[in-house]
Amino acid sequence: MAPVKKSMQRTTMASSDQTPTGIQASDGAADATQNQLKRGMSSRHLQMIAIGGSIGTGLFVASGGTIAQAGPGGALLAYAAVGLMVYLLMQSLGEMTAKIPVAGSFQTFATRFVSPSFGFAIGWNYWFNWAITVAAELVAAGIVMSFWLPDVPGWVWAGLFLAALTALNALSAKAFGEGEFWLALIKVVTVIAFLAAGVLMIFGVLGSQSDPLANWKEGKDVFHGGWLSIISVFMIAGFSFQGTELVGVAAGEAKDPRREVPKAIRRVFWRIMLFYIGAIFIIGCLIPFTDPSLLASGEADVASSPFTLVFERAGIAFAAAAMNAVILTAILSAGNSGLYASTRMLYSMAHDGKAPKIFGKTNSRGVPVMALLATAAVGLFGFLTALVGQGAAYTWLLNVSGLCGFIVWVGIATSHYRFRRGYLAQGYSVRDLPYRAPFFPLGPIVAFVMLIAVIVGQNYQAVLAGHALEVLSAYIGLPLFLGLWLVHRMVTKSKMVKYSEMDLSAPEDIEESAAVRSARTGVTN
C-alpha cells in the first residue's frame, strides 16, 4: 500500500495550486469558491444532456441519406455497430468520471493517466472542435430561419442566437442545464412521436401502407452497395453520436455525480439506441431507399427530412413547419452544449497551466466568463468566415474539426485502460469504484480499434483514387493533433505517467460528501 500513500501525499500538496479538481458546492465560503465552478445541475439535467447530446440533425435529416446509400439493412447494421462502440466508450468515461468528476473530464484524465502532452493536445483539440461547431450551428440556424422569413439575412439570426446562447451560459451552470433540458426534451418528444406514428403506420392504423416490410424483401438491396457502403455509413453514424461525451464535462458541475453519472450511463444508452435503431427501422419500412428525397442532407432540406415525410404520410398537417422548428431546436441545443463544453474545457486547461490564466477566472455565480467570451468570439469569427468570399476558410475550419470528436474518443478509451491499470497498481480494489465498466479490458480495446478504423477510413475513396486535396481536407485534423502533442512534448520534456504515480484524487467536496454518506449508510461510495 506504500504507492497509495505516496500518491495521496503528492496530490494533496498539488491541490493548492492545481484547482481543476477543486470544484466547490454552491454554499461554500466566498474565499473558498473564488475562481471555482459550482455544482448546480441536478439528475434530470445530467440525464437529458446525455440524451440530447446525441440527437440532432444527424438523426432528423442525414439519416435518410444513410438509408439511400446502404439500404435499410446496411444503415441499421452500421448504426448498431457505432452504438455498441459508443456504449463501450460511455462505460469507460463513466468509470473515470464517477470517480473523478471534474469539468476538465477527458482532458484531465488524459493528463493524469497518459501524459501531460497528450492531455494538452486532447484539451485544445476538444475546445477547437466545439468552438467551430458553434460557428457551424450559427450558419445552420440562419438557413433554417429562412424557411419562415426568407428576406431576413442569415447573419441577423446568427447574431441574435449567439447573443442569446452566450447570455444563457453566462447566468450559471444550472441555467445552462435548465435550458438544455427543455431543448433536449423537445427533441426527445419529437422522436417518440415519430416512433409512435411509424408503428401505427406499419400496423395500418395511420396512412395507407400496404406492406410495411416490402422494403426489407428486396434481396441484396436491403444491404445496398455491400460492405463498402456499410463502412461509409459507419463513418457518418459516428458523427451523429458525437456529443454523448458531454455528460463527462457536465458531471464537473453536477450536485451528486457519483450517483448520477452511473445512472445516466446505464439508462441513457438504451434510450439513445432505441431512438436511432427504431427510427432507422421505421424509415426503412415506410420509405423505399430509392426515394430521391432521402438524399437530402442539409438543414435547408427540411421538406425532404425522413421525419417530415413520415409525418406527412401519417396525415399530420404542417409537418414541414413543425419539423423545421424541431431542427432549429436541435441546432440551438448543439450550439448551447458546444458553448458550455468548450468554455469548461478552456477553464480547466487554464487551471492546469495549459491555457492563459485569465480563462480560469469565474464570477460570483461560478461561471468562467472570460473563457465563455473567448469561445463565443471564436464561434463568431468562424461564422464570419462563412460570409467572406466563397466561404473557403470556413470550409477548411470545419475540415480541421472533422476528426476532433473521434480523436477525443480515442483519448477516452486510452485513458480508461491506463486508469484501471493504475488504480489497481496503487493498491485499490475495483469494488471501491462508484461505477465499474463491466467489459474491461475488452471494452476500451474494442472501442479503440473501431475508432482507429473510423479515423483511417474517413475518406478512403479519395485515398484509393489518389485525390490529394480531398485526402488533405478529410485528414488535416489528425496531423494538427499530433503536432500539438509532439511539440508540447518536445518543449516540456513530459513523459508518460507511471501507474504508481497517477493522480487518482477527486475534488474535496466529492470526497467529503462520500465520507458523510458512508458514515450514514455504511456504503463506501
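All of the numbers you see were taken from the coordinates with simple rules; none came from a lab. It should be emphasised that the depicted structure is a prediction, and the values quoted were computed from it without experimental measurement. Every residue, glycine as well, gets a Cβ built from its backbone with ideal geometry; the counts of neighbours run over all protein chains shown.
First measure r as the distance between the Cβ atoms of Ile192 and Arg431, then evaluate 1/(1 + (r/R0)^6) with R0 = 56 Å and state the FRET efficiency to the nearest 0.05. That pair, Ile192 with Arg431, gives E of 0.90. P(r) for the range 150-240, from all Cα pairs and a bin width of 5 Å, is 2, 10, 8, 10, 13, 16, 13, 9, 11, 7, 1, 0 %, short bins first. With each label modelled as a point 7 angstrom along the Cα→C-beta vector, the Leu424-Phe203 pair spans 4.8 nm.
Stretching Asp211 away from Val449 to a fully extended chain increases their span by 81.7 nm, per 0.36 nm per residue minus the current alpha-carbon distance.
Extending 7 Å from the Cα toward the beta-carbon at both Ala317 and Leu486 defines two label points whose distance is 6.4 nm.
Could you state the per residue volume, in Å³, of the convex hull enclosing the Cα atoms of the range 80-139? Show your work: numbers first, answer last.
Numbers: hull volume 6.4 nm³, N = 60.
Per-residue hull volume (Cα only) is 106 Å³.
Counting beta carbons within 10 Å around each of Glu180, Glu501 and listing the fewest first gives the order Glu501, Glu180.
If R0 equals 35 Å, the separation of the Cβ atoms of Leu472 and Leu373 corresponds to a calculated FRET efficiency of about 0.60.
For Ala121, what charge total do you get from the other residues with a beta carbon under 14 Å from its beta carbon, if Lys and Arg give +1 and Asp and Glu give -1?
Numbers: positive: Lys354, Arg489; negative: Asp352.
Taking every Cβ under 14 Å from that of Ala121, the sum is +1.
Comparing Cα centroids, the range 415-461 and the range 50-74 end up 26 angstrom apart.
Between the range 116-132 and the range 220-262, how far is it from one alpha carbon centroid to the other, in angstrom? Each part reduced to its Cα centre gives a spacing of 19 Å. Taking every alpha-carbon pair within the range 38-494, the share separated by more than 35 Å comes to 28 percent. For a label point 7 angstrom out from the Cα of Asn363 toward its Cβ, which stretches of the range 164-188 have the backbone nitrogen within less than 12 Å? Of the residues in the range 164-188, 166-173 have backbone N under 12 Å from the label point off Asn363.
Treat every Asp and Glu Cβ in the range 38-494 as -1 and every Lys and Arg Cβ as +1, leave all other atoms uncharged, and give the resulting dipole magnitude about the Cα centre to the nearest 20 debye. Intermediate results must be reported in sequence, preceding the final value.
Details: 29 positive and 19 negative charges, 430 e Å.
The dipole of the range 38-494 has a size of about 2060 debye.
By average Cβ neighbour count within 10 Å, what is the ranking of 159-168, 143-152 from highest down?
Numbers: 159-168: 17.5, 143-152: 14.3.
Listed from highest to lowest mean packing, they are 159-168, 143-152.
Length available on full extension from Leu160 to Met496: 0.36 nm per residue minus the Cα-Cα distance, which gives 116.4 nm.
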